[in-house]
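Novice: Let me begin by handing over the structure; questions about it come next.
The values are calculated or read from the model by the stated rules, or taken from the named source; none is laboratory data. Note that this is a predicted model, so its numbers are computed, not measured. Glycine also receives a Cβ, built like all others from the backbone with ideal geometry; neighbour counts cover every protein chain displayed. Please note that ligands, DNA and RNA were not included when accessible areas were found on the heavy atoms of the full protein model with its side chains. Shrake-Rupley method; radii C 1.70, N 1.55, O 1.52, S 1.80 Å.
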Amino acid sequence: MQREGVALAFGDAAALLVTNAASLDALNAALQAPVPMDRFRPNIVVDGAAAFAEDGWSQLRIGNAVLAPVHACGRCEVTTIDQELGAALGDEPLRTLSRIRVREGEPVFGVRYAVQRPGRVRVGDGVDALD
């Protein structure tokens, strides 16, 4: 299917959700109780970048694949559900995201990416932000 000018194999906004470990650390610093990354269900987690650096990346090379950003990922109530328990545990982190990370009227965390050049991506691969 085509969505936002990008060919997709899934009926979602983009093929991949990329998050940043430092961004989670920054969010957790604003919360009374930290949340794990699995609340955001990313495909790829980048480590070693500054908090929210993902907002400005124009392309990513991971392994031999190249990814292009589509848009920031709007978040919903699913982020309030403990993934192991399958139970909602209150209104965090959505309430805090709604205060500190809003784009186009919705709370955001992570960036959705389209595959620009297919390739193999493995755990531990280096990540290069390309201009």
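Novice: Test GLY110 against the stated conditions and say whether it is without any contact (Cβ under 8 Å) to a residue 60 or more places away in the chain and either open to solvent by less than 40 Å² (accessible area, probe 1.4 Å) or not in a strand (DSSP E or B) (or both).
Specialist: For GLY110, the condition - without any contact (Cβ under 8 Å) to a residue 60 or more places away in the chain and either open to solvent by less than 40 Å² (accessible area, probe 1.4 Å) or not in a strand (DSSP E or B) (or both) - is not met.
Novice: Moving to a separate point now. Got at least one residue in region 114-125 being open to solvent by less than 60 Å² (accessible area, probe 1.4 Å) and out of contact with any Leu (no Cβ under 9 Å at 6 or more places or on another chain)?
Specialist: Scanning region 114-125 turns up at least one residue that is open to solvent by less than 60 Å² (accessible area, probe 1.4 Å) and out of contact with any Leu (no Cβ under 9 Å at 6 or more places or on another chain).
Novice: Now a separate question. Could we say that ALA72 is of a type in the set (A, V, I, L, M, F, W, C), under 19 Å from ALA21 (Cα atoms) and touching a residue at least 60 places away in the same chain (Cβ under 8 Å) here?
Specialist: Considered against the rule, which asks whether it is of a type in the set (A, V, I, L, M, F, W, C), under 19 Å from ALA21 (Cα atoms) and touching a residue at least 60 places away in the same chain (Cβ under 8 Å), ALA72 comes out as no.
Novice: Could you please let me know if VAL45 is more than 18 Å from PRO34 (Cβ to Cβ) and touching a strand residue (DSSP E or B) at 6+ places or on another chain (Cβ under 7 Å)?
Specialist: no
Novice: If you don't mind, another one. Select from region 113-131 the residues that are part of a strand (DSSP E or B) and charged (D, E, K, R) and write down the one among them that is nearest to THR19 (Cα to Cα).
Specialist: ASP128
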